[in-house]
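Worksheet for the structure shown next.
The values are calculated or read from the model by the stated rules, or taken from the named source; none is laboratory data. This structure is a prediction, so every number in the text was calculated from the model and none was measured. We place every Cβ from the backbone using ideal geometry, glycine too, and count neighbours over all the protein chains shown. In case anyone asks, the SASA skips ligands and DNA or RNA and just uses the protein heavy atoms, side chains included. Shrake-Rupley method; radii C 1.70, N 1.55, O 1.52, S 1.80 Å.
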Amino acid sequence: MAKKYRGKTLKKLPSNGRGECPLCKKTRIKLLYPHRTETNQLIQVCKNCRNK
């Protein structure tokens, strides 16, 4: 059975949730995970950087 709503929220994000990760500098990668920096600023990072 197909999953009708898979990825629907990604389509609503700018660039379909993709961009350059501010921590590892990878390009065209999904930025879905919140990360708090040393200056207490919340940024979106990739899956590989979410626990750094």
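Which residue pairs have Cβ atoms closer than 6 Å, lie 6 or more positions apart in sequence or on different chains, and pair a first residue in segment 1-22 that is free of Cβ contacts under 8 Å to residues at least 40 places away in the same chain with a second residue that is open to solvent by less than 90 Å² (accessible area, probe 1.4 Å) and among the small types (Gly, Ala, Ser)?
From residues that are free of Cβ contacts under 8 Å to residues at least 40 places away in the same chain, the pairs are Leu10/Gly17.
Just to be sure before I move on: is Lys25 out of contact with any Phe, Trp or Tyr (no Cβ under 6 Å at 6 or more places or on another chain), modelled with pLDDT of 90 or more, of a type in the set (Lys, Arg) and assigned to a loop (DSSP other than H, G, I, E, B) in the structure I sent?
When the stated conditions are applied, Lys25 passes them.
Checking His35 against (1) out of contact with any Gly (no Cβ under 9 Å at 6 or more places or on another chain); (2) at positive phi, which single condition isn't satisfied?
Evaluating His35 over (1) out of contact with any Gly (no Cβ under 9 Å at 6 or more places or on another chain); (2) at positive phi leaves (2) as the failure.
Quick one: would you say Lys30 is among the charged types (D, E, K, R) and either touching a residue at least 60 places away in the same chain (Cβ under 8 Å) or surrounded by 14 or more Cβ atoms within 10 Å (Cβ to Cβ) (or both)?
yes
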